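Undergrad: Let me give you the structure first, and then I'll get to my questions.
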């Protein structure tokens, strides 16, 4: 797809790192599938991946985690 930010690049499949913070909790997800612009580097995450990230974050919050680094797994 054409990049909505720079309007010049085309997105390609790749991986990114996502950091989620809430209150005193910080979660770092590595190797999150994303579409990445080959011109400006803007990252686009699908709604399915976003839902999985938020679902996992809720579980970690309920466990009382304050800092966690994880490889993403849908």
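Undergrad: State the number of residues belonging to region 1-22 that are out of contact with any helix residue (DSSP H, G or I) (no Cβ under 9 Å at 6 or more places or on another chain) and in a strand (DSSP E or B).
TA: Counting residues in region 1-22 that are out of contact with any helix residue (DSSP H, G or I) (no Cβ under 9 Å at 6 or more places or on another chain) and in a strand (DSSP E or B) gives 11.
Undergrad: For region 12-24, give me each residue that is within 11 Å of residue 45 (Cα to Cα) and crowded, with 16+ Cβ neighbours inside 10 Å.
TA: 16, 18
Undergrad: For residue 9, all conditions in the list (1) surrounded by fewer than 16 Cβ atoms within 10 Å (Cβ to Cβ); (2) more than 22 Å from residue 69 (Cβ to Cβ) hold save one; what is the number of the exception?
TA: That leaves (1) as the condition not met.
Undergrad: Counting only residues that are touching a residue at least 12 places away in the same chain (Cβ under 8 Å), over 10 Å from the mean Cα position of the chain (by Cα) and assigned to a loop (DSSP other than H, G, I, E, B), how many does region 65-74 have?
TA: Qualifying residue count, region 65-74: 3.
Undergrad: Could you look through region 35-58, keep only residues that are in contact with a strand residue (DSSP E or B) (Cβ under 7 Å, 6 or more places away or on another chain) and closer than 15 Å to residue 73 by Cβ, and pick out the one that is surrounded by the fewest Cβ atoms within 10 Å (Cβ to Cβ)?
TA: Among those residues, the one meeting the criterion is 45.
Undergrad: Farther than 25 Å from residue 8 by Cβ, outside any helix (DSSP H, G or I) and either within 11 Å of the chain's Cα centre (by Cα) or at pLDDT below 95 (or both) - does that describe any residue in region 48-64?
TA: Yes, the conditions are met somewhere in region 48-64.
Undergrad: It is to be established whether one or more residues within region 23-40 are part of a strand (DSSP E or B), more than 12 Å from the chain's Cα centre (by Cα) and either in contact (Cβ under 8 Å) with a residue 60 or more places away in the chain or closer than 19 Å to residue 2 by Cβ (or both).
TA: yes
The values are calculated or read from the model by the stated rules, or taken from the named source; none is laboratory data. Keep in mind that this is a model prediction, so the values were computed, not measured. Counting neighbours? That spans all protein chains shown, and the Cβs are built from the backbone with ideal geometry, glycine included.
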